[in-house]
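Colleague: Mind having a look at this structure? Questions to follow.
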Amino acid sequence: MASRLAQKSTRPKASEVTTRRVNELPPEEDPTVRSGLVSPDDVAGSLSALWAEVMQVTDPSTMKAKFRTYTPEQAQQVMLNQDSLEVRRQRRRSEREVRRWSLLMETKRFVDFFPGAPICFDPDNNVLNGQHRLSAVARQMRPVGFLVVTGVPTFMFAYFDTGLPRSINHVFQAAGRQPQPQVGSTLRLAMRYREFVLGLRPPIGWKEWQKFRDEHADVAAFGDQHPGLLDLYVAAEANYKISKVTPSSLMVWRYFQEMAWPQGAKKIMEFFEQLKFGTDMPLNHPAWHLREWAKEINATKQRVTAKRELDLLLLNKMFAAAMNNERPERFPVAHGFAMTTPYHPKGQSVALANVKAVLARIAAESVYAA
């Protein structure tokens, strides 16, 4: 059963990925010297000799920086000029990336005059950096502000967008928080599930949830609005170490299930503990089925597509089965299942109404606090 959901990963391991070193290694640290392939006196034949020095700016005063705004008409003209070049000096524009910036600008989630990513022009006034953002400005109804640097040497194009992207954990650390390893994935899963229970996302297609790109600011804001979700981290991590059910799934399930059925807190905790310890239940108890399946996946090191989403679906499904005193002889699991809602003894409609009421109250409090 588990093998049907598994797929072999083709992603290289971290130890298999190499990168070019900027600085030449001392002879005693060069891998070809250490391996005995060349002597310390013959470093010219080592790997270090293959690495060329990069070009440098001899006169930085030729580059000028200033803050300015672009109207949609001005941005469109810049991009028309860019597209008319016989020799294209830019990468092909991504419509997906333009839509992303356009949406951020439309919803006022784009930071004007952000100094960390300037619009850059070379000495011939060609765009070296920022074509997607300028293309997005051309679709707006208002001007947008940028830091603009002109006179940038053309050779610098190769060095844009090559740094380490900031993760959501980096954002939390900068804000003085101490994030845990699963915090980012937990918040994103909860954001998708919130969209589902609000009727904004269909019950099918959950395998694709992890492909949606969230802005770090949106994820951080969601975390601020739902501190109770992150309070479940320690308990979920302890549960995972034994049950092998994904911590993010455990956190999101318990958080939304407590919204849906606040009077059932004791039953929710009992099921949570049964997953962890595997006691006080018959062999065909739904919690036992889920626990054994998760442990099998972990023991055989099988890769399961959308494991967090699948675990969340199964947690809802097995908790409902346990509350209805169902004792399945086998554990049904498939990626074709529709995403499941939290449980309430009076039915799905009551569960969803309760969740929506709590979410509406949280949203109203957030607006009031702002």
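Values in this text are rule-based calculations from the coordinates and carry no lab data. This is a predicted model, so every value here is computed, not measured. Heads up, the Cβs are rebuilt from the backbone with ideal geometry, glycines too, and the neighbour counts pull from every protein chain shown.
Colleague: Starting from one equal scatterer on each C-alpha and no solvent at all, send me the Debye-based log10 I(q)/I(0) for segment 169-369 at q = 0.11, 0.15 Å⁻¹, two decimals.
Modeller: -0.49, -0.94
Colleague: How would you rank HIS132, HIS335, going from fewest to most other Cβ atoms within 10 Å of each one's own Cβ? Please report the intermediate quantities before stating the final value.
Modeller: Values: HIS132 22, HIS335 14.
Ranking HIS132, HIS335 by Cβ neighbours within 10 Å, fewest first, gives HIS335, HIS132.
Colleague: For labels at SER349 and ARG142 in the simple 7 Å Cα→Cβ model, what's the distance in nm?
Modeller: Result for the modelled spin labels: 4.2 nm.
Colleague: Can you list residues from other chains, or at least 5 along the same chain, whose modelled amide H is less than 5 Å from the amide H of LEU128?
Modeller: CYS120, PHE121, ASP122
Colleague: Kindly put LEU200, LEU103 in sequence by how many other C-beta atoms sit within 10 Å of each C-beta, fewest to most. It would help to have the intermediate numbers written out before the result.
Modeller: On the way: LEU200 9, LEU103 14.
The most exposed by this proxy come first: LEU200, LEU103.
Colleague: Output the peptides 61-67, 76-82 sorted from most to least packed, where packing is the average of other Cβ atoms within 10 Å over each peptide's residues. Present the calculation step by step, with values, prior to reporting the outcome.
Modeller: Numbers: 61-67: 11.6, 76-82: 15.9.
Put in order of decreasing packing, that is 76-82, 61-67.
Colleague: List PHE110, PHE319, PHE146 from most exposed to least, where exposure is judged by having the fewest other Cβ atoms within 10 Å.
Modeller: On the way: PHE110 19, PHE319 26, PHE146 22.
Lowest count first: PHE110, PHE146, PHE319.
Colleague: List the pairs from LYS207/LYS317; LYS266/LYS317; LYS207/LYS266 whose alpha-carbon separation is above 21 Å, in the order I gave them. Mind dumping the intermediate values first?
Modeller: Working: LYS207/LYS317 17 Å; LYS266/LYS317 18 Å; LYS207/LYS266 31 Å.
Beyond 21 Å: LYS207/LYS266.
Colleague: Determine, for each peptide in 122-131, 151-160, the mean count of other beta carbons within 10 angstrom over its residues, then list the peptides with the highest first. All intermediate terms of the calculation are to be shown ahead of the outcome.
Modeller: Working: 122-131: 18.1, 151-160: 15.2.
Output ranking for 122-131, 151-160: 122-131, 151-160.
Colleague: Segment 136-235: which GluC sites (Glu not before Pro) are DSSP loop and have at most 10 other beta-carbon atoms within 10 angstrom? Walk me through the intermediate numbers first.
Modeller: Details: sites: GLU195, GLU208, GLU215; in loops: GLU215.
Here no GluC sites (Glu not before Pro) fit, given the DSSP loop and packing criteria.
Colleague: Okay, moving on. Measuring from label point to label point, each 7 Å out along Cα→Cβ, what is the PHE113 to ILE204 span in nm?
Modeller: 5.0
Colleague: Something else now. Between GLU270 and LEU103, 0.36 nm times their residue separation minus their Cα-Cα distance comes to what?
Modeller: On the way: separation 167, 0.36 × 167 = 60.12 nm, distance 4.38 nm.
Extending this stretch completely gives an extra 55.7 nm.
Colleague: Pick out, in residue order, every one of the GluC sites (Glu not before Pro) in segment 269-330 that is DSSP loop and has at most 14 other C-beta atoms within 10 Å; say none if there are none.
Modeller: Numbers: sites: GLU270, GLU273, GLU292, GLU296, GLU309, GLU326, GLU329; in loops: GLU326, GLU329.
When the GluC sites (Glu not before Pro) of segment 269-330 are filtered for loop state and at most 14 Cβ neighbours within 10 Å, GLU326, GLU329 remain.
Colleague: Here is a further query. Any idea how far apart ALA217 and GLN56 come out in nm if each label point goes 7 Å out from Cα toward Cβ?
Modeller: It is 3.8 nm.
Colleague: Moving on to the next point. For segment 291-370, which trypsin sites (Lys or Arg not before Pro) pass both filters: DSSP loop (anything but H, G, I, E, B) and at most 13 other C-beta atoms within 10 Å?
Modeller: Here the sparse-neighbourhood loop sites are LYS301, ARG303, ARG330, LYS346.
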